[in-house]
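To keep things clear, I will list the structure first and then write my remarks on it.
Coordinate-derived values only; no laboratory data. These numbers come from a predicted model, not from an experiment. Reconstructed Cβ throughout: ideal geometry from the backbone, glycine too, with neighbour counts over all protein chains shown.
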Amino acid sequence: MSTLNQAHCEACRADAPQVSDEELPVLIKQIPDWNIEVRDGVMQLEKIFLFKNFKHALAFTNAVGEISEAEGHHPGLLTEWGSVTVTWWSHSIKGLHRNDFIMAARTDEVAKDAEGRK
């Protein structure tokens, strides 16, 4: 089980280090089913969560929003009928920080209890 889901985010400044090449494989193993995407040269974590309808997808989006506000770290969220795409990256460093992996793990925890998951 991942310990990331029990960790808290730290303040991420523009001079904070991105996750190193050595840390990346260790951290990604702790959040199975998340993909690394590169957009405009920026590494991001992304996962699509499937739901039975829009109402359930929207409720999950709001739950992710709640944990994001609590930690002061916010994802990209695309809510559609039957799915929510969650994308984590650290805007200030234009890449991945440990905070992104923490929040991906916490998103998975929220998903475990989400109503209407497929």
### Query
So which GluC sites (Glu not before Pro) in the range 78-116 are both in a DSSP loop and have at most 16 other Cβ atoms within 10 Å of their Cβ?
115
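Could you compute the net charge surrounding residue 99? Neighbours are other residues with a C-beta less than 11 Å from the C-beta of residue 99; K and R count +1, D and E count -1. It would help to have the intermediate numbers written out before the result.
On the way: positive: 98, 106; negative: 10, 71, 100.
So the environment of residue 99 carries a net charge of -1.
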### Query
By how many degrees, between 0 and 90 and to the nearest 10, does the Cα long axis of helix 54-71 differ from the longest principal axis of the chain?
30
### Message
Can you find, among 25, 62, 74, the residue sitting farthest towards the positive end of the charge dipole of the chain, where Lys and Arg contribute +1 and Asp and Glu -1 at Cβ?
### Response
62
### Query
Once the other residues with Cβ under 13 Å from the Cβ of residue 74 are scored (Lys, Arg +1; Asp, Glu -1), what is the net sum?
-3
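Assuming R0 = 25 Å, can you tell me the calculated FRET efficiency for the pair residue 14 and residue 39, based on Cβ-Cβ distance, to the nearest 0.05?
0.85
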### Task
Could you name the aspartates and glutamates whose alpha carbon sits less than 14 Å from that of residue 55, not counting residues in the same chain fewer than 8 places away?
80, 115
### Summary
Computed ³J(HN,Hα) along the range 32-37: with the Karplus parameters 6.51/-1.76/1.60, θ = phi - 60°, integer Hz and x for glycine or proline, the list is x, 6, 8, 10, 9, 10
### Message
Per DSSP helix of 4 or more residues, -39500 (n - 2.57); summed, then divided by the residues of the chain. What does that give at 222 nm, rounded to the nearest 500?
### Response
-11000 deg cm²/dmol
